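Data first, discussion second: the structure below is written as structure tokens.
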Amino acid sequence: MNRTKRRIFNTAIEIFSKKGYDNTSVEEITAIAGVAKGSLYYHFSKKEDIFDMLLEEGVKLLKNNIEIKTKNCSTALEKIKEIILIQIRVTVKYEDFLNVVFSQIWGEESKNKKCKKAVFEYIKIIEDIIKEGIENGEFYDGNVEALASGVFGVTCSSLIYRIKMNRSVDTEKIYDGFIDTVVRGISKAMNKN
């Protein structure tokens, strides 16, 4: 992505996060990014194209991180722990992205449906790992969809905690807290300790 497109993209994410997608105009994006309206339309045919790219890039980032971090894990428990750590780190580093996604997940417009689809595809990755853990006896048998949604909820909880504290947070401290509570609830091995 060239510098102008990146500047438009980053500016849009920041404004979408602060004001909401619907309350953000193309004029605001170009003014704050310091580019001509024509430059925006050269790179994006409409505001929704910026949103689509934001969603695509964010989900790709999460999926790539998970693939890299879990490929050498030998157990489903190790994979879930890695996913939780990734989610917390992404929350801290890409707060504006998550604000946009979470604010747009509700509703029935095209952008809302795209957000739901992306979130549900991501949760499906977690479901598959939980199924693996149940099948190989690492996890208690339970409602896979609910458990996966709970693990995904770590992202939401981390973001809310970060906003509530109104400061940077200690990733490792949050991670340890979630491992002690969330993962312990599904893991047979952690409950033996």
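A few notes on this one:
- Residues in the stretch 81-110 that are in contact (Cβ under 8 Å) with a residue 60 or more places away in the chain and either outside any helix (DSSP H, G or I) or buried (at least 19 other Cβ atoms within 10 Å of the Cβ) (or both): LYS81, ILE83, ILE84, LEU85, GLN87, ILE88, VAL90, THR91, PHE97, LEU98, VAL100, GLN104.
- Candidates THR30, THR75, THR11, filtered to the one that is hydroxyl-bearing (Ser, Thr, Tyr), in the same structural domain as LYS173 (by TED's automatic domain parsing), in contact with a helix residue (DSSP H, G or I) (Cβ under 8 Å, 6 or more places away or on another chain) and modelled with pLDDT of 90 or more: THR75
- Candidates in the stretch 1-17 are the residues that are among the hydrophobic types (A, V, I, L, M, F, W, C) and within 17 Å of the chain's Cα centre (by Cα); of these, the one that is nearest to SER39 (Cα to Cα) is ILE13.
- For beta carbons closer than 9 Å, sequence separation of 6+ or different chains, a first residue in the stretch 57-71 that is part of a helix (DSSP H, G or I) and a second that is basic (Lys, Arg), the qualifying pairs are ASN65/ARG89; ILE66/LYS79; LYS69/LYS79; THR70/LYS79.
- Of the residues examined, CYS115 is not one that is within 22 Å of VAL144 (Cα to Cα) and modelled with pLDDT of 95 or more.
- Some residue of the stretch 112-133 being closer than 27 Å to LEU55 by Cα, out of contact with any Leu (no Cβ under 9 Å at 6 or more places or on another chain), polar (S, T, N, Q) and in the same structural domain as LYS63 (by TED's automatic domain parsing): yes
- In the stretch 148-193, residue modelled with the lowest pLDDT [restricted to those that are polar (S, T, N, Q), assigned to a helix (DSSP H, G or I) and surrounded by 15 or more Cβ atoms within 10 Å (Cβ to Cβ)]: THR155
- Residues being surrounded by 18 or more Cβ atoms within 10 Å (Cβ to Cβ) and part of a helix (DSSP H, G or I) - total across the stretch 15-42: 7
The values are calculated or read from the model by the stated rules, or taken from the named source; none is laboratory data. Small disclaimer: the values here were computed from a predicted structure and weren't measured. Glycine gets a Cβ as well: all are built from the backbone with ideal geometry, and neighbour counts include every protein chain shown.
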